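The values are calculated or read from the model by the stated rules, or taken from the named source; none is laboratory data. Predicted model only: the values in this text are computed from it and were never measured. No Cβ is skipped: glycine too gets one built from the backbone with ideal geometry, and neighbour counts run over all protein chains shown. Remember, those area values only see protein heavy atoms, side chains included, never the ligands or the DNA or RNA. Shrake-Rupley method; radii C 1.70, N 1.55, O 1.52, S 1.80 Å.
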Amino acid sequence: QKEVEQNSGPLSVPEGAIASLNCTYSDRVSQSFFWYRQYSGKSPELIMSIYSNGDKEDGRFTAQLNKASQYVSLLIRDSQPSDSATYLCAVNRGYSTLTFGKGTMLLVSP
Amino acid sequence: KAGVTQTPRYLIKTRGQQVTLSCSPISGHRSVSWYQQTPGQGLQFLFEYFSETQRNKGNFPGRFSGRQFSNSRSEMNVSTLELGDSALYLCASSFRGRTGGTGELFFGEGSRLTVL
């Protein structure tokens, strides 16, 4: 079983819709979870971090964590074409080391 | 505040050669980590350094090595290059690190290595 799994997509949503991105992880002791966004040809950038069960909101982004189910999700409300990118789920392995999923490509059509 | 700087941005090598990549972290960041990104495998962790000490190492062969200097700058080296080493090598820095760690990484633009 892969450590961090994501649907590769692409996930296509119309502009203004809610995009829902999902991620599962295998290591039950993981405590810190992150979502990075990577535009084509660019490096990843951190958009959300979540450490406790429940929801964490930041602007149009909401991260959700369920440690019992080993599940992390990212909701993007009012999706914009500029949100089109690959979204990487990451789990902290200790210190500043992350295990990344392979990412989900999101396409937002005008 | 300047971001993470990686050099060179692009390089082409042939099989059997070696390569050294350099990374300057954000000022004040003492943790530096390296990742390899390929279309097939995604982002894979190579190693992480804090205060010149390697704290974590990924599952890569011994041909991959790294070091960190007292000013937190880091280098990674790949010896005896193979075709499969062609990838984007990303360096990331983070602020905290001594007593634990943070996954809040700031990535450089990467060094794209092509092995012919």
Q | For the range A:36-50, 3J(HN,Hα) per residue [Karplus equation, 6.51 cos²θ - 1.76 cosθ + 1.60, θ = phi - 60°, Hz, x = Gly/Pro] | A | 10, 10, 10, 6, 4, x, 10, 8, x, 10, 6, 10, 8, 10, 8
Q) the range B:1-108: which trypsin sites (Lys or Arg not before Pro) are DSSP loop and have at most 13 other beta-carbon atoms within 10 angstrom? A) B:LYS1, B:ARG9, B:ARG15, B:ARG63, B:ARG98
Q. What does the protein assembly as shown give for Rg and for Dmax, in Å, if only its C-alpha atoms count?
A. 17.5, 51
**Q.** B:GLY66 long-range amide H proximity, modeled H, under 5 Å
**A.** B:ASN77
Q) How many nm separate the modelled label positions at A:ALA17 and A:SER109, each set 7 Å beyond the Cα in the direction of the Cβ? A) 0.8
Q. Using 7 Å Cα-to-Cβ label points, what is the A:ALA68/B:ARG9 separation (nm, one decimal)?
A. 5.0
Q: Mind giving me the FRET efficiency for B:SER27 and A:SER40? R0 is 30 Å, r the Cβ-Cβ distance, nearest 0.05 is fine.
A: 0.55
Q. In the range A:1-55, which trypsin sites (Lys or Arg not before Pro) are in a loop and have at most 15 other Cβ atoms within 10 Å, using DSSP for the loop call?
A. A:LYS2, A:ARG28, A:LYS42
Q) Using the Cβ atoms and a cut-off under 10 Å, what net charge is assigned to the surroundings of B:PHE69, where Lys and Arg are +1 and Asp and Glu are -1? A) 0
**Q.** aspartates and glutamates with Cα under 19 Å of A:LYS67, excluding same-chain neighbours fewer than 8 positions away
**A.** A:GLU3, A:GLU5, A:ASP27, A:ASP55, A:GLU57
Q: Could you check which residue among A:VAL91, A:VAL29, A:VAL13 shows the biggest mean-square fluctuation in a GNM of chain A with a 10 Å Cα cutoff?
A: A:VAL29
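Find the sum over both chains of the accessible area lost when B and A are paired, probe 1.4 Å, and report it in Å² to the nearest 100.
Interface between B and A: roughly 1700 Å².
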Q.
Once you place label points 7 Å from the Cα toward the Cβ at A:ASP55 and A:ASN7, how far apart are they in nm?
A. 2.0
Q: Please give every one of the aspartates and glutamates within straight-line cross-link reach of B:LYS13, meaning a C-alpha to C-alpha distance under 12 Å, and leave out same-chain neighbours fewer than 8 residues apart.
A: B:GLU82, B:ASP85
(Q) What aspartates and glutamates does A:LYS42 reach when the alpha-carbon gap must be under 19 Å and sequence neighbours fewer than 8 apart in one chain are set aside? (A) A:ASP83, B:GLU104, B:GLU109
Q: Roll a 1.4 Å probe over the protein chains and send me the accessible area per residue for chain A in Å².
A: 48
Q. Taking chain A as a Gaussian network, where each spring joins two C-alpha atoms under 10 Å apart, which residue of A:SER82, A:SER26, A:SER96 fluctuates the most?
A. A:SER96
